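Read the structure below first, then the notes.
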Amino acid sequence: MTETRSESVEMYLKTVAELGGEHAPVSIGRVAGRLGISPVSASEMMKRLGDLGYIQHLPYKGVELTGEGRQLANSVIRRQRLWECFLVDQLDIDWAQSYDLACSLEHATAPQVTQALSNYLENPRRCPHGNPIPNETGETENLLSMPLTDLQLNKNCRIEAIVPENSDILSYLAERKLWPGTELTLIAAAPLEGPLTLLVGEDEIVIGLNLAERILVSQG
């Protein structure tokens, strides 16, 4: 892999994309927090990525992917999500563990292997966590969904996707059967940004707002 396509570069671009940097500026602090590094280190890398033409810095707003940066970020995301499908569907790897395992494979996968993997899996459109898989040109299907935090009280919905973060969060959700396809009702929202109470079947489940924001749902 060339210097401009190093694993570090790919991880930063992928992180910016996952945080929404394809469509709107993302603060460098959020990128640093997601990667578990210092804001200073993140700022230095953002300058480098800007020099390479992968991101643009918007003063007082954050960073946003350029067209080239978006294409590279989505190529990494494509590899990762295809590996998630393979691990879960073909190797029976635990749903919650597949994200971290796929992350360890995504950087060492050549384009021809990526396409062969997609063909073998019959070109899936979603990963096991419900997120769209970019196609070979880097285009991604738009999800017609919203964060669980936007759902009105006493409304029914269906989980469409989980915005992945790490295996611990996914394990927590899996233990409560909060995964794509689960139907639920929001029955209570505590004031002052308190937790949400969900009715899943006959079970009441309480989750915090930060976690609820990572659950994308659809109504109807």
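Read the figures in this text as sums done on the coordinates, not as results from a lab. Keep in mind it's a predicted model, so treat the numbers as computed, not measured. Virtual Cβ from ideal backbone geometry, glycine too; neighbours counted across all protein chains shown.
What to note about this one:
- Cα lying deepest toward the dipole's positive end in the chain, options Leu72, Cys103, Leu117, charges on Cβ: Leu72
- For segment 146-218, the dipole from Cβ point charges (+1 on Lys and Arg, -1 on Asp and Glu) about the Cα centre works out to 140 debye, to the nearest 20.
- Considering only alpha-carbon pairs that sit under 8 angstrom and 6 or more positions apart, the relative contact order computed for segment 83-220 is 24 percent.
- Listed residues Leu144, Trp179, Pro39: farthest to the positive end of the dipole of the chain (Cβ charges): Pro39
- Residues whose amide H lies under 5 Å from that of Ile55, counting only those 5 or more places away or on a different chain, are Gly50, Thr66; hydrogens are built 1.01 Å from N in the peptide plane.
- Helical content of the chain, expressed as a calculated mean residue ellipticity at 222 nm, amounts to -11000 deg cm²/dmol (DSSP H runs of 4 or more residues, -39,500 (n - 2.57) each, divided by residue number, nearest 500).
- Remark: segment 8-98 carries a charge dipole of roughly 320 debye about the Cα centre, counting +1 on each Lys and Arg Cβ and -1 on each Asp and Glu Cβ.
- Of the trypsin sites (Lys or Arg not before Pro) found in segment 134-212, those in coil by DSSP whose Cβ has at most 16 other Cβ atoms within 10 Å are Lys155, Arg176, Lys177.
- Cβ-to-Cβ counts within 10 Å put Leu105, Leu58 in ascending order as Leu58, Leu105, the fewest first.
- Here the simple spin-label model places points 7 Å from the Cα toward Cβ, and for Glu175 and Gln90 these points are separated by 3.2 nm.
- Rounded, prolate or oblate (a/c below 1.5 giving rounded, otherwise prolate when a/b exceeds b/c) for segment 3-65 by Cα gyration tensor: rounded
- Cα gyration tensor category, rounded, prolate or oblate, for segment 146-218 with a/c compared to 1.5: rounded
- Qualifying GluC sites (Glu not before Pro) in segment 132-220, where qualification requires a DSSP coil assignment and no more than 16 other C-beta atoms within 10 Å, comprise Glu136, Glu139, Glu141, Glu165, Glu193, Glu202, Glu213.
- Under 22 Å from the Cα of Lys177 - lysines, other chains or at least 8 residues apart: Lys155
- 3J(HN,Hα) from dihedral phi, segment 73-81, Karplus parametrisation 6.51/-1.76/1.60, rounded to Hz, x for glycine, proline: 4, 6, 5, 5, 4, 4, 4, 4, 6
- On full extension, the segment bounded by Leu58 and Asn135 gains 24.9 nm, given 0.36 nm per residue less the C-alpha separation.
- Straight-distance candidates among the lysines for linking to Lys14, with alpha-carbon spacing under 20 Å and chain neighbours fewer than 8 residues away dropped: Lys47, Lys61.
- Placing +1 on each Lys and Arg Cβ and -1 on each Asp and Glu Cβ, with no other charges, gives the chain a dipole about its Cα centre of roughly 460 debye.
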